[in-house]
4 protein chains.
Amino acid sequence: MDIMNQISGSYEHKVQYYETDQMGIVHHSNYIRWFEEARTDLMDKIGFGYSKMEQSGILLPVLAASAEYKHPAQYGEIVRIIPRVTEFTGVKLTVSYVVENAVSGERKATGERKATGETRHGFVNQKMSPVRLKRDYPEIYQIFSELLESGKR
Amino acid sequence: MDIMNQISGSYEHKVQYYETDQMGIVHHSNYIRWFEEARTDLMDKIGFGYSKMEQSGILLPVLAASAEYKHPAQYGEIVRIIPRVTEFTGVKLTVSYVVENAVSGERKATGERKATGETRHGFVNQKMSPVRLKRDYPEIYQIFSELLESGKR
Amino acid sequence: MDIMNQISGSYEHKVQYYETDQMGIVHHSNYIRWFEEARTDLMDKIGFGYSKMEQSGILLPVLAASAEYKHPAQYGEIVRIIPRVTEFTGVKLTVSYVVENAVSGERKATGERKATGETRHGFVNQKMSPVRLKRDYPEIYQIFSELLESGKR
Amino acid sequence: MDIMNQISGSYEHKVQYYETDQMGIVHHSNYIRWFEEARTDLMDKIGFGYSKMEQSGILLPVLAASAEYKHPAQYGEIVRIIPRVTEFTGVKLTVSYVVENAVSGERKATGERKATGETRHGFVNQKMSPVRLKRDYPEIYQIFSELLESGKR
């Protein structure tokens, strides 16, 4: 679909000093937060950001999260986080992520892979009961189906 | 009052690795969080923790926060945060804090002062309108009045 | 070994207000930090805390981390994090975690399981080259071997 | 000076979900981090980022930090943080901050003031002894002097 092709899930994050630890690298817990940054940014871009979802009464809690660390990101770097929908059942959603060094300003992008990861989610209502998007929110169902398709390419 | 004399606002916090930054010290933003830890702990002890307050429909947002850093806290330390109610008007609350090195296990307490700080708060309802504790919640008013008195000693 | 039997890896953490998010539950990234709290606490107890390791020139970066979320931890709870060494090769280390509701004060412990997780680590020197504990630090090798054994029980 | 006039200290930050707390607003400790984001961004722009400073052997620890909260920032907002050098003695540095709602995408900028704040810093070497920029790093001294001048306008 046209709109999906135009959407770049690619998201840039400037490493912050408060994200480092005394090993001189980004503390590993922050990658889990970067995944969220890229995931919510993607959802904003498809017109269905968290704010809008919560207004619709839908929450998307995290059921599982994982990260594998390849090369530590460091202060002074800008990283690109690329989220990709790898599973969508109408009830559950899986997003995978690649974190890599990004070009910015005078620095050259090395594209060095920093980390990969994955988060799994369930669509629930305010009472934390599962919602079935296909039946109750067909429009949202359609969007995520297309994201899944575009993620496969 | 007896119960107030028994309440020690003193609160211990073990410095965590994820709280350090690449300068090899605790990132300064964490002290603001430690103030909250000590403040909420104090309120738990007086039988009026944040959970209970929120159930009563009262929120206590932070209007201002400040910290002065004396000696950097480091990983491996345990710090003691001592909160003290320094102002209470029935509508507003001011709490001041001292952070110092605390004894723990085999380590000797140096008592070295790490930082001092202050937070200012307003009592509001769910709609963020000020509540007057003296009229609407006399029991809570009484507790904070006593905390103020004990803070003066 | 006697000393290992006496060591309880069990670690308690009071949920902090700053750890919650607007869903009214603990933000999922914090569990990764709690794993670190329990892991470093365990290492302190066996006499080989991170501070001591770093003084010996050994770092233990995280190679991978994962968490599965069962029941959201909430503000007002105290959780117990139970770390267990599940793999130790002399070069790599795997620790698994269970997070559950803990007893505290007047609250009854439900023991409700909040989350499980795992972190994988490598022992490296300051230059991020792998160190072989068995050859270079036999004393440390011994301790982790015993932790692995006690983790199996 | 020309270059200073061209430098906009204005820095935009997209509020992240992990920055919210259960009051449904951004946790107050994050503003202290946003101040750092804007301050380090400003220093990057003048060609003297933290990375470069640390390479030169200069650290700029925070001696004091304060924030006054006017209107809570919320998830879904983009905020603009405007740092301004308000004091520079060659040994100490004071930066003040304004945080306000910023325009972004389809949302209209309200310019609503979220918070104001200030941080105070000292220039020190790796041993945490004060450095005198005017004598030892005249080039850096010049840059901050100009920032102070431009901050007055």
Can we say A:Ile81 is closer than 29 Å to D:Met53 by Cα and within 16 Å of the chain's Cα centre (by Cα)? yes
With the condition kept exactly as written, say whether any residue in region B:13-27 is part of a loop (DSSP other than H, G, I, E, B), more than 7 Å from every other protein chain (Cβ to nearest Cβ) and more than 27 Å from B:Tyr141 (Cα to Cα). yes
Looking only at region A:31-52, which residues are more than 8 Å from chain D (Cβ to nearest Cβ), in contact with a helix residue (DSSP H, G or I) (Cβ under 7 Å, 6 or more places away or on another chain) and modelled with pLDDT of 95 or more? A:Ile32
When you look at D:Thr94, is it more than 8 Å from every other protein chain (Cβ to nearest Cβ), within 30 Å of D:Ser129 (Cα to Cα) and more than 14 Å from the chain's Cα centre (by Cα), yes or no? no
Considering only region C:28-52, state which residues are part of a loop (DSSP other than H, G, I, E, B) and over 22 Å from C:Gln74 (Cα atoms). C:Ile46, C:Gly47, C:Phe48, C:Gly49
Name the single residue that is farthest from the other protein chains (Cβ to nearest Cβ) among those in region A:53-70 being part of a helix (DSSP H, G or I) and out of contact with any strand residue (DSSP E or B) (no Cβ under 9 Å at 6 or more places or on another chain). A:Gln55
Is there a residue in region B:139-149 that is away from chain D (no Cβ under 14 Å), touching an Asp or Glu at 6+ places or on another chain (Cβ under 9 Å), over 24 Å from D:Tyr31 (Cβ atoms) and not in a strand (DSSP E or B)? yes
When only residues in region D:89-133 that are at pLDDT below 90 and assigned to a strand (DSSP E or B) count, which is surrounded by the most Cβ atoms within 10 Å (Cβ to Cβ)? D:Ser104
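The values are calculated or read from the model by the stated rules, or taken from the named source; none is laboratory data. Note that the structure is a prediction, hence the values are computed from the model and not measured. We place every Cβ from the backbone using ideal geometry, glycine too, and count neighbours over all the protein chains shown.
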